[in-house]
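One structure is given below, encoded as structure tokens.
The values are calculated or read from the model by the stated rules, or taken from the named source; none is laboratory data. These numbers were taken from a predicted model, which means no experiment stands behind them. Backbone-built Cβ (ideal geometry, glycine too); neighbour counts: all protein chains shown.
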Amino acid sequence: MILISTLKTNGTMVFEKGREKTGGRKPGSTNKATTDIKSKIATLIDSQFDAITTDLEQLEPKDRVTAYLKFLEYVLPKQREQKIDLSTLTDEQVDDLLNRAMDKLD
């Protein structure tokens, strides 16, 4: 992004096109506060792991499964739907996809 800043007569900054952005975090860099809190949560869970396990064992099966599913959200990446436009594939490619899918069911 390119920005140019100038001062208005009242002393506030105005950005104009053409000047590069300077300062701030680099794109994709981790927020320090987020990193710190994640570390503290991990330490807390690690130190209380036995108590958490005992608490989970005391839950009703339905509630235990719900808790496990909530934990998985933080461990496994969410899966996205994969769409394939079959009209762009040859008959052989469609057959290959079907055979691979059927093999996974066995």
Any pair with Cβ under 7 angstrom, 6 or more apart, that starts in the stretch 26-50 at a residue that is of a type outside the set (Asp, Glu) and ends at one that is assigned to a helix (DSSP H, G or I) and modelled with pLDDT of 90 or more: 45/52
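Here's the yes/no breakdown for (1) surrounded by 10 or more Cβ atoms within 10 Å (Cβ to Cβ); (2) touching an Asp or Glu at 6+ places or on another chain (Cβ under 7 Å); (3) outside any helix (DSSP H, G or I); (4) aromatic (Phe, Trp, Tyr):
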residue	(1), (2), (3), (4)
33	no, no, no, no
38	yes, no, no, no
46	no, no, no, no
56	yes, no, no, no
67	yes, no, no, no
79	no, no, yes, no
92	no, no, no, no
96	yes, no, no, no
104	no, no, no, no
Among (1) assigned to a helix (DSSP H, G or I); (2) touching a helix residue (DSSP H, G or I) at 6+ places or on another chain (Cβ under 9 Å), the one test that residue 84 misses: (1)
